[in-house]
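Every number in this text was worked out from the coordinates using simple rules, so none of it is lab data. None of these values were measured; they are calculated from a predicted model. Quick reminder, even Gly has a Cβ in these numbers, built from the backbone with ideal geometry, and neighbours come from all protein chains shown.
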Amino acid sequence: MGRSERIQVEAAPKLFDVVELLETLPAAGLAAGSLGSIVEQLASDAFIVEFVDEDGNTLALETLASQDFAVRR
């Protein structure tokens, strides 16, 4: 592998990371693109994500796998 070729490695999601929902969750009233924050890690690939409105009121707490969201850096 040459110097110009680099492998992009995603860091594991961690507490308080801001994440973007990749698919709509109609039951929770959340659209794809909604932003949330990881507030708990339940297992190696299970996270509780809190979604809030512009006033900081909780809209939803959802248990998600890492493939359900993208970490915003």
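General observations
- The charge dipole of the chain, taken about its Cα centre with unit charges on the Cβ of Lys, Arg, Asp and Glu (plus for the first two, minus for the last two), comes to roughly 460 debye.
- Linear extension gain, Phe16 paired with Val52, 0.36 nm per residue minus alpha-carbon span: 11.6 nm
- Quotient of Cα Rg and 2.2 N^0.38 Å for the chain, N being how many residues it contains: 1.26
- Cβ-based charge dipole, the chain, positive-most Cα from Ala12, Ala28, Gln67: Ala12
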